[in-house]
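Report on the structure given below.
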Amino acid sequence: MHIAFIAMSGVRASSPELNAIGMTMPGFVERSKVIASLPSLGLLTLAGMTPDSFEISYHEVPDLRKLEELPVCDVAAIASFSAQIKDAYELSDRYRTLGVRTVLGGLHVTARPDEAARHADAIVIGEGELGWPQLVADLSAGSLKPVYAADGREFNLADAPMPRFDLLDIDRYNRITIQTQRGCPWRCEFCAASIRLTPLYKIKPVARVIDEIREIKKLWPKPFIEFADDNSFVHRRHAKELLRAVADEDIRWFTESDVSIADDEELLELMREAGCAEVLIGLESPTAAGIEGVELRRNWKRGRFDRYLTAIERVQSHGIAVNGCFVLGLDGDGPEVFDAVADFVQESGQFDVQITVLTPFPGTPMYDRFLADGRLLEPEAWERCTLFDVNFRPKHMSPEVLQHNLVELGRRLYTEDERTRRRSAFHEHRRRYLRETRTRRISA
Ligand code: B12
């Protein structure tokens, strides 16, 4: 029996204005090209749990309209996030008319299982590793069930399978993803990432992570790796053990973490020595009013806000570039936020900046609140869940003003000059740190 693992991939935006700018601005183009070529780690992981008795293959569908032929298979296991889920449904429906059975899973399916079940022979809700072994056993036994749910069970990352990186045409990728942790201690109201799969903060044993890196290096000797983590290094002991081990692997890598990494000089030094090139940090808003209440557990990000600038300098002084992310359209922010982001980026000296619009993803408290308040423009327009398309009524501006000013701010932030200025600000942070360290050493 042949299982085809098919990822709806590629990055997109619906707004024509944004698509126009995206194609011209160097900074914007570069970022989307980088992330667009990431493989689906979710599917490669499930492929790693599939018995050898199955024939398997891996495919990516950046644009369903351009897909000439459906990959030949007996079972299609299809992955997508919300933005492309309708394409995933259409692809699944087409397979089923041809008598091919289909399986859907992932963040969106977990948030909208009833909707997804209408388009598949089986759905997997929650962490895929929990449902997949039973699903493939049922496929072999000819007793496939419609739903495989986690039902409160938690997958232990110590049992994580080796993702099937060997299924990839490695030259197509400028980064490969591995996951060192899952979950996050914080509860940002809009977050639609792995906290929607597990309420826990889970770590993968260091030896397993190193095994995965070595598996990738068999295909790509000097890889650039993206940790598909939502918040690396929260567990400090695990983090430092991991970084000491990664340092011996001679790789360069990128990850996402919260701003508290700046508190720990030893951690920053270990990140640098382990080859960390850039860390993406969710700053969310350049204003105290904007960040107020975003993190639901204990307003944690508001508590860190006053130290954002120091934190960025401290991380960059260790030669680690910071990509600070801002979410535009938060309830505490008005039309002044666009200038505030530009001013903050200027003052912070951060190396890179990512701007997205507040996006009420299904399965998030924010989606439910906006739905209840009648603030969603089109409640089920999942194709607008791109992080770049406005799909709600902001509190202090119109949707049109938000959409237009996102593009205008993109024009200001992603010019060649701005990128050059940011690059030299980043290097200045490092030079200043080295100068101070030297002076301290001499005067000691
Ligand atoms: C890598 C990545 C990508 C890659 C994806 C690679 C690919 N080919 O699929 C690319 C660059 C293509 C991408 C594109 C986009 N992305 Co993106 N991306 C990520 C990132 C950084 C890591 C995801 C990851 O690898 N997680 C690790 C794996 C192991 O977890 P997983 O995918 O959830 O898979 C597990 C389960 O969900 C389940 N599962 C998943 N798929 C399937 C399928 C089946 C059949 C089964 C049984 C189980 C199953 O099993 C897996 C193991 O437990 C996350 C941020 C983050 N840190 O999570 C954002 C993230 C997932 N992306 C996001 C968004 C918005 C986008 C874009 C819309 C951006 C854009 N404007 O184009 C597009 C959407 C494309 C689409 N298909 O819909 C949002 C998604 C929110 C949501 N709920 O929809 C996230 C959470 C970022 C954010 N901050 O909000 N992205």
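The values are calculated or read from the model by the stated rules, or taken from the named source; none is laboratory data. Small disclaimer: the values here were computed from a predicted structure and weren't measured. Neighbour counts run over all protein chains shown; Cβ positions are idealised from the backbone, glycine included. For accessibility, only protein heavy atoms count, side chains too; no ligands or nucleic acids. Shrake-Rupley method; radii C 1.70, N 1.55, O 1.52, S 1.80 Å.
Within region 38-53, the residues that satisfy the criterion of being open to solvent by 20 Å² or more (accessible area, probe 1.4 Å) and in a loop (DSSP other than H, G, I, E, B) are Leu38, Ser40, Gly48, Met49, Pro51, Asp52, Ser53. Within region 141-159, is even one residue closer than 15 Å to Ile216 by Cβ, hydrophobic (A, V, I, L, M, F, W, C) and surrounded by 11 or more Cβ atoms within 10 Å (Cβ to Cβ)? No, region 141-159 has no match at all. Which count do you get for residues in region 109-136 that are farther than 11 Å from Pro146 by Cα, within 7 Å of the ligand (Cβ to nearest atom) and outside any helix (DSSP H, G or I)? Qualifying residue count, region 109-136: 1.
Quick one: which residue in Glu347, Glu400 is closer than 21 Å to Glu17 by Cα and open to solvent by 40 Å² or more (accessible area, probe 1.4 Å)? Testing whether each residue is closer than 21 Å to Glu17 by Cα and open to solvent by 40 Å² or more (accessible area, probe 1.4 Å) leaves just Glu400.
Tell me which residues, restricted to region 287-317, are outside any helix (DSSP H, G or I), open to solvent by less than 20 Å² (accessible area, probe 1.4 Å) and touching a Ser or Thr at 6+ places or on another chain (Cβ under 9 Å). Val294, the sole residue that qualifies.
Report yes if Glu68 is of a type outside the set (Gly, Ala, Ser), over 18 Å from Glu127 (Cβ atoms), surrounded by fewer than 24 Cβ atoms within 10 Å (Cβ to Cβ) and within 11 Å of the ligand (Cβ to nearest atom), otherwise no.
Working: of a type outside the set (Gly, Ala, Ser): yes; over 18 Å from Glu127 (Cβ atoms): yes; surrounded by fewer than 24 Cβ atoms within 10 Å (Cβ to Cβ): yes; within 11 Å of the ligand (Cβ to nearest atom): no.
Taking the combined requirement at face value, the residue does not satisfy it.
Filter region 322-338 for residues that are in contact with a Lys or Arg (Cβ under 9 Å, 6 or more places away or on another chain) and not in a loop (DSSP other than H, G, I, E, B); which is surrounded by the fewest Cβ atoms within 10 Å (Cβ to Cβ)? Result: Asn323. Answer yes or no: is there a residue in region 187-210 that is within 24 Å of Arg244 (Cβ to Cβ), within 12 Å of the ligand (Cβ to nearest atom) and part of a loop (DSSP other than H, G, I, E, B). Within region 187-210, one or more residues are within 24 Å of Arg244 (Cβ to Cβ), within 12 Å of the ligand (Cβ to nearest atom) and part of a loop (DSSP other than H, G, I, E, B).
If you go through region 78-108 one residue at a time, how many are part of a helix (DSSP H, G or I), near the ligand (Cβ under 7 Å from one of its atoms) and open to solvent by less than 20 Å² (accessible area, probe 1.4 Å)? Here the count works out to 4. If Ser140 passes every condition in (1) part of a helix (DSSP H, G or I); (2) within 30 Å of Gly329 (Cβ to Cβ) but one, which one does it miss? The single condition Ser140 does not satisfy is (2). Cβ separations smaller than 6 Å between residues 6+ apart or across chains give the following pairs from region 4-21 residues that are closer than 13 Å to Pro39 by Cβ and in a loop (DSSP other than H, G, I, E, B) to residues that are open to solvent by less than 50 Å² (accessible area, probe 1.4 Å) and charged (D, E, K, R): Ser9/Glu60.
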